[in-house]
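The values are calculated or read from the model by the stated rules, or taken from the named source; none is laboratory data. What you are looking at is a predicted structure, and each value in this text was computed from that prediction instead of being measured. Cβ: placed from backbone, ideal geometry, glycine included. Neighbour counts: every protein chain shown. In case anyone asks, the SASA skips ligands and DNA or RNA and just uses the protein heavy atoms, side chains included. Shrake-Rupley method; radii C 1.70, N 1.55, O 1.52, S 1.80 Å.
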Amino acid sequence: MDAKQLRGYLEFYRDLGFTTLYKRAPGNVTAGRSSERAIEAPPSATASSISQPAKFPILAGPDVILPSLAPENDTLEKIREDIGDCKRCRLHAGRQKIVFGTGDPEAKLVFVGEGPGADEDTQGVPFVGRAGQLLTQMIENTASREGIPLVRKDVYICNVVKCRPPENRTPEPDEMEVCGQFLFRQLMAIRPKAICVLGSTAVRALLGRKEGVTRMRGNWYKWRDIPVMVTYHPSYLLRPYNQNAKREAWEDLKKVLHFVYD
């Protein structure tokens, strides 16, 4: 069995709810679990553990090598091809287009949002509606004011889930888990200098934390040794009563841009 087949089996059993793998020691069928040894679980792409080791044990003999969820020489093109006409979760039922990501595949800065809205679902491109227009203005205007030659196409923008949730609701944990494997691979393929997470859903997906964005924003965290800045989602900033949050988000973005491009 090659690595691709084994990965397929592991993902299949994971989707069924299995969290532990056992293998008997060679030549000792009746030895039981005492003949098995635990090894560290490979990086998981689930929403709940994308930034930390898996919490469940994987038990295997010394001859078992579990494949990485980020294949060698992975590219954004390969990841999009692997997604295909995805029907892995319920979100596919109402979508028009899969919204994969956009921007420079070698970007130094990646923005991660929550999920597509109606405009994104129609065009197949993330952040093109009102919130996306605000994000573009924030990136380009802040860069211009700070003397940084940067426009939107120079960064990479994607979402936690690739299909629009009904009525723009918050993605469910299992939906985030399914898409999490592709977000994981996107970030590993790009390997940016920094990631800017937009809103609480992206915070949970990458950092596994439940604190409010108001408490976390403006501070640096890490995802697999890549610095992560937390700030508000642009849709939150569009609300008229959030003017203070808009000023704070601009400060957060200024901090990110100087860190990445100075």
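Taking only the alpha carbons of the range 98-145, we obtain Rg and Dmax values of 11.3, 34 Å in that order. Pairs to check: Lys87/Lys193; Lys78/Lys255; Lys193/Lys222; Lys162/Lys246; Lys210/Lys255; Lys162/Lys193. Give those whose C-alpha atoms are more than 21 Å from each other in this structure. The answer is Lys87/Lys193; Lys78/Lys255; Lys162/Lys246; Lys210/Lys255; Lys162/Lys193.
Extension gain, Asp104-Glu167: 0.36 nm per intervening residue step, less the Cα-Cα distance, totals 19.7 nm.
Estimated from the Cβ-Cβ distance and a Förster radius of 22 angstrom, the FRET efficiency linking Gln243 and Lys210 is about 0.25. On full extension, the segment bounded by Lys222 and Glu251 gains 8.5 nm, given 0.36 nm per residue less the C-alpha separation. Taking label positions 7 Å along the Cα-Cβ direction at both Asp262 and Thr75, the computed distance is 3.6 nm, reported to one decimal. Share of carbon and sulfur in the accessible area of the range 217-262 stands at 49%, probe radius 1.4 Å. What Kirkwood hydrodynamic radius, in Å, does the range 190-233 give when the mean of 1/r is taken over all pairs of distinct Cα atoms and then inverted? Its Kirkwood hydrodynamic radius stands at 10.2 Å. Here the range 69-196 has 44 percent of its accessible surface on carbon and sulfur atoms, given a 1.4 Å probe and all protein chains in place. Computed over protein heavy atoms with a 1.4 angstrom probe, the accessible surface ordering of Arg145, Arg164, largest first, is Arg145, Arg164.
By the Kirkwood approach, averaging reciprocal distances over each pair of separate Cα atoms, the range 125-209 gets a hydrodynamic radius of 14.3 Å. Accessible area per residue for the range 147-262 is 44 Å², calculated with a 1.4 Å probe on protein heavy atoms, without ligands, DNA or RNA. Site pair Gln96 and Val151 shows an inter-label distance of 2.6 nm when each label is modelled 7 Å from Cα along Cα→Cβ.
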